[in-house]
Amino acid sequence: MEDPGSHFSTVLVAAAKLPGVRINRETYLRKALARHCSEEQIKQAIEETPAAGIPLDILEKAANDSIKYETAKVSAASAAAGLPGLLFLPATVPADLAQYMGHMLRVSQKLAYLYSWPDLFSGDDMDDATEGVLTLFVGVMFGAHTATTAIGKVAEEMSKHVAKSLPKKALTKGIIYPLVKKIAGHLGKEMTKQTFARTVSKAVPVVGAVVSGGLTFATFRPMAKKLKNHLAELDMTKPTVRVEDVEVVLEREPSATDYVERSDGDDAASK
């Protein structure tokens, strides 16, 4: 039997390759903020972060609009996949799973960009750091406490160092990496359960379409809201200074001596 973590990773990578799944950060921010912000504010949000000058209530409205849009799209696609009925289950269920994951990745990117995360895709292929942070985002959507803790650690370091890129070493070799692997395994098991539920819901044509679309609507929106609420609470969303392109290295937890040294330095400065 395939390892649950590897199974999840396979689906995640495949979904990321689907047309329209990758969100262009600049294009999205410009479109999402156009009705509420000035050109100067939008330009600053793109060049720096939305936290540099966009009020949180505007970011929340844009986030809710994106969640509503993605929920409608994924529900319609799920309902369409339920139309053929039992005869076409072997083909429709994998396709439904892929497009469901694709919309989770779409809404994750949109929410991340609104709440001051950097561009997640820097090239044609998804690197390990991007796969790691997307795994954590999906984990938050599924209610995994470990994922919320891990995202908080990554965000804390990025905010502390005013980073403009993902902390690749932390996500692929540092203390976050084991958490990513653990969450991927958990999500692989949850995905198997959801696949079974979708198979049952699609067994009857037309009726299956209604049930499948309704099931997707009932689950996707609350999951996206979980991610939005968590990202909105992070320090990264608070007003910040101009960003610098630095690489964050998070390979160990701060020790007591770190704080002692910092305290000594402060005392010396005050003298």
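Here are a few things to note about the model shown:
- Over 18 Å between alpha carbons, listed pairs Lys110/Lys228; Lys110/Lys182; Lys68/Lys228; Lys17/Lys226; Lys43/Lys164; Lys168/Lys238: Lys110/Lys182; Lys17/Lys226; Lys168/Lys238
- Full extension of the chain between Ala34 and Asp128 yields a length gain of 30.6 nm, computed as 0.36 nm times the residue separation minus the alpha carbon distance.
- Arg106 - accessible surface, heavy atoms, 1.4 Å probe, Å² rounded to 10: 40
- Within the accessible surface of the range 18-79, defined with a 1.4 Å probe on protein heavy atoms only, the carbon and sulfur portion equals 54 percent.
- FRET E, pair Lys17, Lys68, Förster distance 41 Å, beta-carbon r, rounded to 0.05: 0.95
- The residues Tyr177, Tyr113, sorted by heavy-atom accessible surface at 1.4 Å with ligands and nucleic acids left out, run Tyr177, Tyr113 from largest to smallest.
The values are calculated or read from the model by the stated rules, or taken from the named source; none is laboratory data. Note that the coordinates shown come from a computational prediction; the quantities given were computed from them, not determined experimentally. Cβ coordinates were reconstructed from backbone atoms using ideal geometry, including for glycine residues, and neighbour counts include every protein chain displayed. These accessible areas exclude ligands, DNA and RNA; they are computed on the full protein's heavy atoms, side chains included. Shrake-Rupley method; radii C 1.70, N 1.55, O 1.52, S 1.80 Å.
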